[in-house]
Amino acid sequence: MSVTKRYGHLTALSGVSFSIRPGEILGLIGPNGSGKTTLFECLGGVLPADSGTLAGPDRPLSRRERAATVFYLPDGIAPWPSQPLGWVIDFTIGFFGGREELRQEVVRRLGLELLVDSPLGTLSKGQRKRALLAIGLLAPHPVLLADEPFDGLDLRQTREVAQTLRHYAAAGRTMLLSIHQISDAARVCDRFVLLSNGRSCAEGTIEELSALAAARGVLAARSAASASLEEIFLALT
């Protein structure tokens, strides 16, 4: 893929390109204003890109194929706020033809058992985030785009959600996560795309990014070998 999005004279995304591999967790890393949400909205079909395609193994995906492949989970939404969480989960499973057989397991793994009778709009930020992740994990689409999946979660909840995402990725689900906190990304993701000012600066595992930083001379080889993801990000962007 290579996505460009402009708003008048402002270029929000400029030829952002990277690969997504089956069964992996790919972290999209960048500061506020780097274009993460705009990119997700283009990939999810919410915004039209000015140029760029989402391609499968051998050809670009049609609009219908993209809708069947990618499930986009925006940040900060509360669909059907007056309805109980259990109703919202069951409705979305039925609407999308979701994974009914995983319903109880996903609810348990995300610690939502005591919340299924609570209206979605009454949940706290962290509770609502876990509820939305349940919807995303139960959707049938092979690729899940989740914008800021750890926002509003405390440390324990973040670790539990990270373990849940890893579990379903290991079972074959592919996930692209937009993450502001680099420490959270380092904990859960297999590979990373570094985004800055609407451009993709680098892509790879921590080891690959470390080697790239050393090759570009932005980190000394000895320092790069032991550098954190945060240090590598700052060096490459």
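No lab work stands behind these numbers, since they all come straight from the coordinates. All values derive from a computational prediction rather than experimental measurement. Here the Cβ is made from the backbone with ideal geometry for all residues, glycine too, and neighbour counts use every protein chain on show.
Structure notes:
- Taking amide H as placed 1.01 Å from N in the peptide plane, the amide H of L54 sits under 5 Å from that of L61, each at least 5 places away or on another chain.
- Each residue of the stretch 182-196 was assigned a 3J(HN,Hα) from its phi angle through the Karplus expression (A = 6.51, B = -1.76, C = 1.60, θ = phi - 60°), giving 5, 5, 5, 4, 4, 6, 10, 8, 7, 9, 9, 10, 9, 10, 8 Hz with x at Gly and Pro.
- Taking 0.36 nm per residue of sequence separation and removing the Cα-Cα distance, the S2/E113 pair yields an extension gain of 35.9 nm.
- Crossing angle, helix 85-96 versus the chain [Cα axis fit, 0-90 degrees, rounded to tens]: 70 degrees
- Here the stretch 87-125 is scanned for amide nitrogen atoms under 16 Å from the site 7 Å beyond the Cα of A170 along Cα-to-Cβ, giving 106, 109-110.
- Take the Cβ atoms of S51 and H9, set R0 to 22 Å, and the FRET efficiency comes out at 0.85.
- Secondary-structure-derived ellipticity at 222 nm for the chain, considering helices only, amounts to -11500 deg cm²/dmol, per-run term -39500 (n - 2.57) for DSSP H runs with n ≥ 4.
- Calculated from backbone phi, Karplus (6.51, -1.76, 1.60) coupling profile of the stretch 47-60 in Hz, x at Gly/Pro: 10, x, 7, 6, 7, x, 9, 9, 10, x, x, 10, 6, x
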